[in-house]
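The values are calculated or read from the model by the stated rules, or taken from the named source; none is laboratory data. Everything numeric here is computed off the predicted structure, so don't read it as measured data. Cβ placement follows ideal geometry from the backbone for every residue including glycine, while neighbour counts extend to all protein chains displayed. These accessible areas exclude ligands, DNA and RNA; they are computed on the full protein's heavy atoms, side chains included. Shrake-Rupley method; radii C 1.70, N 1.55, O 1.52, S 1.80 Å.
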Amino acid sequence: MNTLVGTTGFPVCSSFMRREKGNRKKEGNMASPLRYADIYEQSIRQPERFWGEAAGEIRWTRPWSQVLDGSRKPFYRWFVGGRLNTCDNCLDRHVEAGRETQTALIYDSPVTGAIRKISYGELLDEVARFAGVLTGMGVAKGDRVVIYMPMIPEAVIAMLACARIGAIHSVVFGGFAPNELAIRINDAKPKLVVSGSCGIEGKKTIPYKPLLDEAIRLADHKPDRCILFQRPQLTAPLIEGRDHDWATLMREAVPVPCVPVEATDPLYILYTSGTTGRPKGVMRDNGGHAVALMWSMRYIYDIRPGEVYWAASDVGWVVGHSYIVYGPLLMGCTTVLYEGKPVGTPDPGAFWRVIEQHKISVLFTAPTAFRAIKKEDPRGEYLKQHDIRSLRYLFLAGERLDPDTYRWASGMLGIPVVDHWWQTETGWAIAANCMGIDPFPIKAGSPTKAVPGYDVRIVDPRGNPLPNGREGYVVIHLPLPPGCLPTLWQDDERYLEYVERIDGCYLTGDGGFYDEDGYLFIMGRIDDVINVAGHRLSTGSMEEIIARHPDVAECAVLGVHDGLKGQVPIGFVVLKSGVKRDSDGITEELVKMVRNELGALACFKQCAIVKALPKTRSGKILRATMRKIADGEPFEIPSTIEDASVLKGIEEEARRIGYAKGQGD
């Protein structure tokens, strides 16, 4: 892209961007004398200076006129007047800098037996040609493209191709139900849909085309065209005039250059569940997103260009957007696209095999993945079969990391196991132990400290600050740093729900506290705090206690209705593989553990042993659905659920302990 200029005309942060070369230990920390406290203080007190300097790591076609625009509070904008292209920063500039032959993407698919390595030069060629395909079909800057794909390289290519021409992509998790896909099509109004012919879940092939056809039939908005990538496992029929074959189009494609866009222009829309039938379209801009992710790769994850970074997630989720695709490629790393599971593809050693084979430096996944491995291989026998010395850090996020899982992973791996906390809305970590700045001693159960840029506070329901040690609402004082949602897609009114309940703050929806050392603890969603006879109790605290039992693999504690006390907690527990003990004896021990630590006021008296907990495909436990089942309330099977059959087991066990009696009883 010849019109793009380098960053030599921009100020590079002298206080924290400078690095000493050739010294791995020094490169793992700040080369300057400043430490976390100084860096954090500057990010909060002088955000324009801090982020203006960080933006010097990104290539711009035109400099910004204003780092932070707060003229329409609470709708803040970053790098106003600046122009850039995210695809250029992910691919073109690295190829121009000599990384053409470096591997950009490793596709590792144990479900198909395929491993494919794609260099930066090859990825740039495919992305530029597919961008040409989109342009040839009338897709232009600002148009939306829905991507409904499995975990294959073509999903990444489609995302980057949209970014290349300034189109706005909206990735929908492959295999989503037609009604849910139709809702997203209606909201985004895409000009075009890109899909795969099928996905593969374990040994099952899931046809996507019938789901896509039904979604378009249900949708009021009809996309002009669909592009289908035919996988060898299943060939889908095409509808003449509407559907087009990926391979045929690519054979005739002409590559196109990057289109510069405003820093404040949307890069993508990612839908997250809402309380109404209409999902919330989290919008991400181009400029702030690129700056924030670039900063995070170096200072949170302590990763360098050329190293191999693996986010074991899915491109349909925010982790996939930020840390399979954009973050690693912005940094010039090699990223891993893994089409498999932590267990069952083929065994609990799957992650260790990938780490050894591809020399992974940093792994990022969800705690549920490690709980699944721990359940199947509690002694780490599969780990002993692999050499994973390349792995420097394990980062976990997506749900609360219970101390037992932390201790198991830390003991097995012998490396820093870093809990960090963030949301779809923020797009990158709110709190973390920043390995590239000034690592702190790790405390089990805490994501450590607020990340620079995030002014995280603990307040009561009226917004009054609470002292360390007191649990309350976790809020972020505005403005949010770059990379966070500036608003919701075409829905400013719903965005205000985040920022008007507590004056001047973004309400995260989570509860937590700071301890005496200033460590942040996230105790779960505000909705997961239950009121037992006037006492407010955190179900997260109970889960922490239960998870310490040697036979427990994972658990969920819910607050259910009680006529006398208002609410009481009940537990659902999954045992580790190989446990043969009597379940009644185990539940008695769990009840006693909670009573001993929290006292009788916790009223934890009922616990059920189940084969599995219902989860989303990203690994989050569906506590709200479980609560409705236990209370006997009507519920809908969530579109994000991984295995709906698990709900039947929850209902049966809830009935056995005296709940789930609201319907038909």
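General remarks:
- Selection from region 559-596 of residues that are within 15 Å of Ser541 (Cβ to Cβ) and surrounded by fewer than 14 Cβ atoms within 10 Å (Cβ to Cβ): Asn596
- When we screen Arg231, Arg242 for residues that are among the charged types (D, E, K, R), touching a strand residue (DSSP E or B) at 6+ places or on another chain (Cβ under 8 Å), at negative phi and touching a residue at least 60 places away in the same chain (Cβ under 8 Å), the only hit is Arg231.
- Here Tyr301 fulfils each of the conditions (1) on the phi < 0 side of the Ramachandran plot; (2) open to solvent by 10 Å² or more (accessible area, probe 1.4 Å); (3) in a loop (DSSP other than H, G, I, E, B) apart from (2).
- Some residue of region 490-504 being closer than 18 Å to Ile430 by Cβ, outside any strand (DSSP E or B), free of Cβ contacts under 8 Å to residues at least 40 places away in the same chain and open to solvent by 30 Å² or more (accessible area, probe 1.4 Å): yes
- Residues in region 59-98 that are farther than 17 Å from Gly483 by Cβ, aliphatic (A, V, I, L, M) and open to solvent by 10 Å² or more (accessible area, probe 1.4 Å): Val95, Ala97.
- Gly174 being buried (at least 20 other Cβ atoms within 10 Å of the Cβ), at pLDDT below 95 and not aromatic (Phe, Trp, Tyr): yes
- Region 127-156, residues that are within 26 Å of the chain's Cα centre (by Cα) and charged (D, E, K, R): Asp143, Arg144, Glu154
- Single residue of Met159, Met137 found to be farther than 15 Å from Thr86 by Cβ, aliphatic (A, V, I, L, M), touching a His at 6+ places or on another chain (Cβ under 9 Å) and touching a residue at least 12 places away in the same chain (Cβ under 8 Å): Met137
- Look at region 606-627: where a residue is part of a loop (DSSP other than H, G, I, E, B) and at pLDDT 85 or above and a partner is of a type in the set (Gly, Ala, Ser) and open to solvent by less than 40 Å² (accessible area, probe 1.4 Å), sitting 6+ places away or on another chain with Cβ atoms under 6 Å, you get Val610/Gly649; Lys611/Gly649; Leu613/Ala556.
- Under the condition of being open to solvent by 40 Å² or more (accessible area, probe 1.4 Å), in a loop (DSSP other than H, G, I, E, B) and touching a Gly at 6+ places or on another chain (Cβ under 7 Å), the residues counted in region 179-209 number 1.
- The set of residues in region 359-376 that are over 18 Å from the mean Cα position of the chain (by Cα) and open to solvent by less than 10 Å² (accessible area, probe 1.4 Å) comprises Ile360, Ile373, Lys374.
- Yes/no for Val354 being open to solvent by 20 Å² or more (accessible area, probe 1.4 Å), modelled with pLDDT of 95 or more and out of contact with any Leu (no Cβ under 8 Å at 6 or more places or on another chain): no
- Residues that are of a type in the set (D, E, K, R) and closer than 17 Å to Leu558 by Cα within region 582-610 comprise Arg595, Lys605, listed in sequence order.
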